[in-house]
Amino acid sequence: MRQGRPYWPHIIGIFLLGLIATPLMLLGPVPLKIAVDSVVGSSPVPGFLAPLLPGWLTGSSIRLLAMAAGMQVSVVLLTQVQELAAYVLRARAGEGLILEFRSSLFRHVQRLSLLFHDSTGTADSLYRIQYDAPAIREIMITSVISLLSATVMLVVTIVVITRIDWQLALVALVVSPFLFAFARTYNLRMRPQYRYVRGLESGALQVVQEVLSAFRVVKAFGREDQEQERFVGHSLLGVQTRIRLAFAEGAFGLLVNMTTAIGTAVVLFVGIRNVQSGVLSLGELLMVLFYLAQLYNPLRTISRQVANLQSSLASAERAFQLLDEVPDVMDRPGARSLSRVAGEIQFCDVSFGYQDVGNVLKNVSFRVAAGTRLGIEGRTGAGKTTLVSLVARFYDPGAGRILLDGIDLRDYKLASLRGQLAIVLQEPVLFSTSIAENIGYGRPGASRQQIVEAAQAANVHDFIAGLPEGYDTLVGERGMMLSGGERQRIALARAFLKDAPILVLDEPTSSVDMATEAGIMETMERLMKGRTTLLVAHRMSTLEICDARIELEHGSIISSAGNVEVGSGLAVDAT
């Protein structure tokens with residue numbers, strides 16, 4: 001209900017338009033009754049119309065028939081206009097609701113920590129945003145409004161039929177308890193099944209996402225057929241469940257339609273007997289039969305929408321579960337902003353572990369002065385990337401503190417803190433836009449001249465200028481139209497443009513050849529000047545430009561050199 005608040009005026013408008021359908025429905029059989037009873041027969045026009053019709057009109061059967069025909073066309077026209085207005089309003093509100101909900105989910109997913117995404121994967125979040133989110137439209141627009149409108153129409157129709165013949169109204173309503181009993185049983189059994197099938201479909205999407213993300217590996221090992229089998233295996237479970245659900249939905253529809261058919265048959269039998277006995281006129285019986293169809297339509301609608309609601313509620317439940325995830329890394333109350341830090345970094349007995357894994361870092365303590373170029377070495381799995389990720393607050397320590405200029409990182413606002421860092425990863429991340437937009441990603445609003453200067457500083461300007469479209473060249477998905485060295489230089493240009501006081505370089509040359517590495521190293525050395533730098537590398541040659549080093553093994557510092565203090569007695573109070 002809160003999620004749909006911006007569109008409540010639209011929803012109320014849809015409901016009011018739905019209410020207009022009720023009097024239009026009631027007018028539907030009136031022209032037929034006039035034609036049968038007042039034109040063919042000799043009965044007077046219905047009582048509610050008599051004061052509205054002049055005598056010259058009711059005095060001629062031809063004019064009365066023409067009036068009935070005109071009334072029939074007018075009712076149909078008004079009904080169609082009402083349906084058109086409701087359709088447009090439903091489309092406007094429904095699409096707006098989906099966009100708002102998807103935007104909320106996407107915004108929230110971006111706030112969730114890497115720990116959440118590492119443990120759940122991206123495919124499930126993608127499925128919930130793209131395929132579960134539209135459930136809010138089905139609930140708020142289709143199901144709820146239809147239920148309310150059908151309930152109003154049901155009540156009004158019962159009142160009208162009762163005024164015509166209370167016996168027929170009673171007979172017609174006998175089937176209602178059976179319909180609601182069917183719906184109740186269906187609801188209890190089906191929602192868990194819908195929830196289960198959403199999970200299966202999400203699993204199939206995960207297979208597609210994994211294969212397309214690692215397409216080169218799949219092709220290199222010739223695993224296309226095996227991945228196809230894996231996808232079909234996951235999808236087949238969903239298909240089988242969907243078939244069972246379709247059978248259950250069909251059986252439910254069969255029960256509802258057979259129940260209303262029996263009710264209609266009984267009303268027809270009793271109604272004909274009443275016409276034969278003179279209790280009802282033929283026109284009144286035709287009106288009752290028309291209203292009976294309108295009575296059972298709301299009953300069918302209520303039963304069907306309550307059933308359909310289970311599928312939508314299962315999807316909405318999954319989407320709101322994602323929205324209810326609490327970010328692990330958040331701003332503390334009263335967190336402070338930063339202008340530009342000096343760059344002194346201190347780890348105070350820091351320990352950290354991932355879910356279901358022991359501590360990756362264990363009581364790590366060291367301090368580097370502002371402007372220090374710290375090299376971090378160690379074997380694979382020693383905790384190097386985890387250490388620099390903690391500096392960026394991608395995660396928070398499980399124990400201990402990390403200080404920046406003597407202040408706990410958690411006392412800074414996240415956006416402000418990350419504005420002090422420029423990060424270049426082992427696998428440079430580029431977006432499927434132009435080279436200029438990728439370089440300018442770290443500083444929104446940067447001018448073209450600033451972007452060119454950053455590219456020149458990263459020694460990539462000449463390469464870019466030689467491209468047919470220059471800085472407007474599209475790099476393709478994840479920058480795959482460029483070589484590894486070119487992508488890395490563009491990532492370095494992005495770091496130059498951001499001009500942050502702290503620089504994090506995580507294995508920036510591990511995926512390039514020696515000649516390319518030499519050029520990148522020269523660029524990095526200029527980028528490091530005057531900045532606190534954390535450089536993670538396997539190659540000892542890469543760390544030669546650092547003035548301090550620490551070596552990690554099994555999450556602990558085992559050696560250090562240069563301008564770095566190591567030890568557990570370094571902790572200071574935050575000021």
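The values are calculated or read from the model by the stated rules, or taken from the named source; none is laboratory data. Every value quoted in this text rests on a predicted model; they were computed, and no experiment measured them. Every residue, glycine as well, gets a Cβ built from its backbone with ideal geometry; the counts of neighbours run over all protein chains shown.
Here L543 passes the criteria (1) under 23 Å from R367 (Cβ atoms); (2) outside any helix (DSSP H, G or I); (3) in contact (Cβ under 8 Å) with a residue 60 or more places away in the chain except the one numbered (2). Scanning the stretch 369-418 for residues that are buried (at least 20 other Cβ atoms within 10 Å of the Cβ) and farther than 19 Å from S351 by Cβ returns T372, R373, L374, G375, E377, Y412, L417. Total residues in the stretch 9-45 satisfying the condition of being hydroxyl-bearing (S, T, Y) and without any contact (Cβ under 8 Å) to a residue 24 or more places away in the chain: the figure is 1. Please indicate, with yes or no, whether at least one residue in the stretch 456-466 is among the charged types (D, E, K, R) and either closer than 30 Å to E551 by Cα or modelled with pLDDT of 90 or more (or both). No. For the stretch 406-455, a tally of residues being out of contact with any Asp or Glu (no Cβ under 9 Å at 6 or more places or on another chain) and of a type in the set (F, W, Y) returns 1. Would you confirm, using the coordinates I've provided, whether T264 is assigned to a helix (DSSP H, G or I), in the same structural domain as L168 (by TED's automatic domain parsing), modelled with pLDDT of 75 or more and surrounded by 15 or more Cβ atoms within 10 Å (Cβ to Cβ)? Yes: the conditions hold for T264.
Among the β-branched types (V, I, T) and modelled with pLDDT of 90 or more: does that describe V391? Yes; evaluated as a whole, the condition is true for this residue. Residues in the stretch 46-66 that are in contact with a helix residue (DSSP H, G or I) (Cβ under 6 Å, 6 or more places away or on another chain) and at pLDDT 70 or above were compared, and the one that is surrounded by the most Cβ atoms within 10 Å (Cβ to Cβ) is L64. Cβ separations smaller than 8 Å between residues 6+ apart or across chains give the following pairs from the stretch 331-348 residues that are on the phi > 0 side of the Ramachandran plot to residues that are of a type in the set (K, R): G343/R531. Selection of the stretch 476-490 for residues being among the aliphatic types (A, V, I, L, M) and at pLDDT below 85 yields M480, M481, L482.
If a residue must be crowded, with 20+ Cβ neighbours inside 10 Å and either β-branched (V, I, T) or in a helix (DSSP H, G or I) (or both), how many such residues does the stretch 147-170 contain?
Selection size over the stretch 147-170: 8.
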